[in-house]
Amino acid sequence: MKNTKKLAALTVLFCSLCLNTQAQESTVAPKYSNEFLQIGVGARAYAMGNANVANVRDVTAAYWNPAGLTHVDEWAEVALMHSEYFAGIAKYDYLGIAHSLDKKSTVAFSAIRFGVDDIPNTTQLIDNEGRIDYDRITTFTAADMAFLFSYARELNVKGLSFGGNFKVVHRKAGDFAKSWGFGLDAGLQYQMNKHWNFALMGRDVTSTFNAWMFNLDDATKEVFLETGNEIPENGLELTLPRLIFAANYRHDLGKQGMFVNAEVNVDLTTDKRRNVLLQTDVISGDPHLGVEVGYKEFVALRAGLNKVQQVKDFDDNYSYTYQPNVGIGVGFKGVTLDYAFTNLGGAVNAYTHIISLKFGLEKPKNMR
């Protein structure tokens, strides 16, 4: 009973911290700020519809729920992922490293990049005499990057773990604009028994602050004015908190190592109404569902469902669409290869293949 009260108090405090910034001005808190950080990492999570907050137990927990890092029992665990979007135009990369400090605590570092390279800059395509000169075309890169520094520790309540991220965000569009941002994530993970796990994850719990700086030369400003565009000004952008509630159930099928694992997550966004399944004028709820069936750590088949949205057709009739996901994972001697086949757009046929690799590292002999 005492542990239950402690858990309830922690949950209430956690929710209060995440929701205390809902009143931020919408002019500096756009609805889809830093949205690249909602894409996810790891093919296993993609295959399960990004329902991965309560059962994550490896290096990718630094992204999904840093509390899950306490289950990393290797001296170090490394994960890599590369995926391409829109016929290779955009590239998404992830690197994660987790290090177990002792039986109760773990640290991790993660790097995420989503970028488009070699974008043509045509602002100077026409010279001063009104002639088109293709030699005046240059290229630039638009990229969003994030660096997560994570720490997780088991608490005194049996089965309860806590983890947090200090997050640095850097976004740039060539030499024209760049921003630096800082924020915090925090997560709880509670293993009630051998079957049930529950979790609460707060992203951007105190809001993430991005300071934008623009560097436009006079020629570019003139092009903006002549084409009816406003000249951007330096400013502050806020990413409002997001809460994720998660429940996970795992059941062993006999004594031969077979198991079934299922999880449901509900993302609660605090930037008012979104086009998701649950909509209100204050918060919106986006559910995720994932299932996997596997044999020990050797193989697992996965399927997931997420991004349930309402769309309107040409006859002004509304219907719901969703994003299906499937995948498989294979592992042997500490090396795991995961694959996911997913529809990125839900209502659009934009299928892609995602592969991620995870492996453990033993402690170097000269450190023993």
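The values are calculated or read from the model by the stated rules, or taken from the named source; none is laboratory data. All of these numbers come straight from a predicted model, not from anything done at the bench. Methodologically, a virtual Cβ is constructed for each residue, glycine included, from the backbone with ideal geometry; neighbour enumeration extends over all protein chains shown. Note: accessible area is taken over every heavy atom of the protein model, side chains too, but ligands, DNA and RNA are not part of it. Shrake-Rupley method; radii C 1.70, N 1.55, O 1.52, S 1.80 Å.
Of note:
- Filtered by the rule that a residue be open to solvent by less than 10 Å² (accessible area, probe 1.4 Å) and of a type in the set (Asp, Glu), the stretch 261-277 gives a lone residue, Glu263.
- Of Lys178, Lys158, all but one fail to be in contact with a His (Cβ under 9 Å, 6 or more places away or on another chain), more than 17 Å from Asp93 (Cα to Cα) and open to solvent by 50 Å² or more (accessible area, probe 1.4 Å); the exception is Lys178.
- Subset tally (residues that are at pLDDT 90 or above, open to solvent by 20 Å² or more (accessible area, probe 1.4 Å) and aliphatic (A, V, I, L, M)) for the stretch 66-106: 4
- Residue that is open to solvent by 60 Å² or more (accessible area, probe 1.4 Å) and β-branched (Val, Ile, Thr), where the choices are Ile112, Ile119, Ile126: Ile126
- Residue tally, condition more than 20 Å from the chain's Cα centre (by Cα) and aliphatic (A, V, I, L, M), over the stretch 279-307: 5
- One residue stands out in the stretch 181-195 among those that are touching a strand residue (DSSP E or B) at 6+ places or on another chain (Cβ under 8 Å) and surrounded by fewer than 16 Cβ atoms within 10 Å (Cβ to Cβ): the one that is modelled with the lowest pLDDT, namely Lys194.
- Test: Gly49 is small (Gly, Ala, Ser), open to solvent by less than 10 Å² (accessible area, probe 1.4 Å) and within 25 Å of Lys272 (Cβ to Cβ): yes
- Here Val326 passes the criteria (1) at pLDDT below 95; (2) farther than 13 Å from Ala51 by Cβ except the one numbered (1).
- If you go through the stretch 305-329 and pick out every residue that is open to solvent by less than 70 Å² (accessible area, probe 1.4 Å) and either farther than 28 Å from Arg273 by Cα or touching a Cys at 6+ places or on another chain (Cβ under 6 Å) (or both), you end up with 3.
- Residue check for Leu188: under 17 Å from the mean Cα position of the chain (by Cα), assigned to a strand (DSSP E or B) and under 13 Å from Ala54 (Cα atoms): yes
- When we screen Val264, Val260, Val311, Val276 for residues that are under 29 Å from Lys358 (Cβ atoms), without any contact (Cβ under 8 Å) to a residue 60 or more places away in the chain and of a type in the set (A, V, I, L, M), the only hit is Val260.
- Highlighted here are the strands (runs of 3 or more DSSP E) found entirely within the stretch 82-155 that include at least 3 residues which are of a type in the set (S, T, N, Q) and out of contact with any Leu (no Cβ under 8 Å at 6 or more places or on another chain): 138-154.
- Count - residues of the stretch 330-349 that are open to solvent by 30 Å² or more (accessible area, probe 1.4 Å) and either of a type in the set (Lys, Arg) or at pLDDT below 85 (or both): 6
- The set of residues in the stretch 196-237 that are open to solvent by less than 50 Å² (accessible area, probe 1.4 Å) and in a loop (DSSP other than H, G, I, E, B) comprises Asp204, Val205, Ser207, Leu216, Pro232.
- Meets criteria (at pLDDT below 85 and aliphatic (A, V, I, L, M)) for Leu125: yes
- Test: Arg302 is open to solvent by 70 Å² or more (accessible area, probe 1.4 Å), touching a strand residue (DSSP E or B) at 6+ places or on another chain (Cβ under 9 Å) and within 28 Å of Glu74 (Cβ to Cβ): no
- Subset of the stretch 249-276 (residues that are closer than 23 Å to Gln189 by Cβ and within 19 Å of the chain's Cα centre (by Cα)): Glu263, Val264, Asn265, Val266, Asp267, Leu268, Thr269, Thr270
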